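Reading through the structure tokens given below for one structure.
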Amino acid sequence: MWISNAPPMLLRHQKKVPGSDKYNNLKLTAASSARHQSEQATSIIQLCLFSKENPLPSLYKTNKHKRNHWATLRTINMAPLMQEPAPALNALSKAAPKLVAPEPEHCPGPESEQAGKSDACNGCPNQAICAAAPKGPDPDIPVITARLSSIRHKILVLSGKGGVGKSTFSSLLAQAFASNPASTVGIMDTDICGPSIPKMMGVEAETIHITNAGWNPVWVSDNLSVMSVQFMLPNRDDAVIWRGPKKNGLIKQFLKDVEWGEMDYLIVDTPPGTSDEHLSVNSFLKESGVDGAVVVTTPQEMSLLDVRKEIDFCRKAGIRILGLVENMSGFVCPKCTHESQIFRATTGGGARLAKEMGIPFLGAVPLDPRVGMACDFGESFMDNFPDSPASAALRKVVRSIGKFIGEDPDEVLPDAGQI
């Protein structure tokens, strides 16, 4: 193939090689042809980068030896401009495909009479457990409702995609609420297999104390407490390898046995996705009342794909969506204050998604490396860097959340300019 597609000069060069067998001729010809094509590609790329108009169509017509590079050059020509192809931009406006098979049924829930028996239960690892479990209302629900009756507001923090800064936002939200000395705040880490809240709060080495009243949460400050499975692990790096029922049991204990006391805000940090933990939290808190969920995303489409599923989960589960927060939205240089888009919003970002899905857009928080540094050291980012663009954006988001849960923003953060 290399010989037939090689330029005539390379074929002539093959005949001039003395004392070479057919394999060596073919190997030399292939190497020379590859080098020749690479030089041609380099020259065409330079024209693409420095020409005001796209030179590819004319080059494609005039030089047939460059046709092999056509597909590669289309990508190279697009990359510096970071243009999203038209099919991707129009993906959301396409009609839904016609399904050959019926849409999948939803989980009937462990308290349902059809639990473990419905067609939707086939293949579920918890099918046998749900089928054998006693049916009817969970007797622990009234206990949970009574335990949480002294908490005024309960807020879930969700994300469809991992790595978008959901737990980081949960810790920042709790610290922002706790910046008001008159407010008492708790944060419950339901990410059983990946607990990170204790590290961000600087209480990773603490343990849980059990009294006659129940489990005592770990107090970060006079008005901020934390509960996480991390406090129960013998070693910091021990893996939690649990299936759904055991996770659900621990979450129930966090809600039923922890002595939260009188509290203004309880922030529930959840793992990414729509798994057992989300279903358990929703079913346990349904009777006690949840103010709503804050959904966290990043600007790029790969994150928004899963956020759409998370929003759909909230609507099917009856969870009110307080709004969408776009995290890591640009980077503001601390020297010149110029904003650069690190994670480009290829399809409009969180603001466009919120408009399309009909939910509030709470704000965009820029990327700041000092947020990660504060989390590593267990310090409050907003206390240490109150004048940063990220702190200003977070204050607006927190005040918006306070407004949506029926609080006066000035009471949530008494002074909007300082925390």
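The values are calculated or read from the model by the stated rules, or taken from the named source; none is laboratory data. Predicted model only: the values in this text are computed from it and were never measured. All Cβ positions, glycine included, derive from the backbone under ideal geometry; neighbour counts span all protein chains shown.
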Of the numbered conditions (1) surrounded by 20 or more Cβ atoms within 10 Å (Cβ to Cβ); (2) free of Cβ contacts under 8 Å to residues at least 24 places away in the same chain; (3) of a type in the set (A, V, I, L, M), residue 226 fails exactly one; give the number of that condition. (2)
Can you tell which of 307, 294 is in contact (Cβ under 8 Å) with a residue 24 or more places away in the chain, in contact with a Gly (Cβ under 9 Å, 6 or more places away or on another chain), surrounded by 21 or more Cβ atoms within 10 Å (Cβ to Cβ) and closer than 14 Å to residue 156 by Cα? 294
Filtering helices (runs of 4 or more DSSP H) wholly in segment 270-358 for at least 3 residues that are under 22 Å from residue 397 (Cα atoms) gives 301-317, 349-357
Only one of 354, 345 is in the same structural domain as residue 201 (by TED's automatic domain parsing) and either surrounded by fewer than 21 Cβ atoms within 10 Å (Cβ to Cβ) or modelled with pLDDT of 95 or more (or both); which? 354
When you scan segment 233-247, do you find a residue that is basic (Lys, Arg), more than 22 Å from residue 145 (Cα to Cα), free of Cβ contacts under 8 Å to residues at least 60 places away in the same chain and part of a loop (DSSP other than H, G, I, E, B), even just one? yes
In segment 368-390, anything buried (at least 18 other Cβ atoms within 10 Å of the Cβ) and either assigned to a helix (DSSP H, G or I) or at pLDDT below 90 (or both) is listed as 371, 374, 375, 381, 382, 389, 390
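Table: residues versus (1) within 28 Å of residue 414 (Cβ to Cβ); (2) without any contact (Cβ under 8 Å) to a residue 40 or more places away in the chain; (3) part of a loop (DSSP other than H, G, I, E, B).
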{"residue": "181", "(1), (2), (3)": "yes, no, yes"}
{"residue": "194", "(1), (2), (3)": "no, no, yes"}
{"residue": "199", "(1), (2), (3)": "no, no, no"}
{"residue": "203", "(1), (2), (3)": "yes, no, yes"}
{"residue": "207", "(1), (2), (3)": "no, yes, yes"}
{"residue": "219", "(1), (2), (3)": "yes, yes, no"}
Which condition does residue 183 not pass, out of (1) modelled with pLDDT of 85 or more; (2) out of contact with any helix residue (DSSP H, G or I) (no Cβ under 8 Å at 6 or more places or on another chain); (3) over 13 Å from residue 269 (Cα atoms), if it passes all the others? (2)
Of the residues 244, 194, 162, 249, only one is surrounded by fewer than 20 Cβ atoms within 10 Å (Cβ to Cβ), closer than 19 Å to residue 293 by Cα and at pLDDT below 95; which? 162
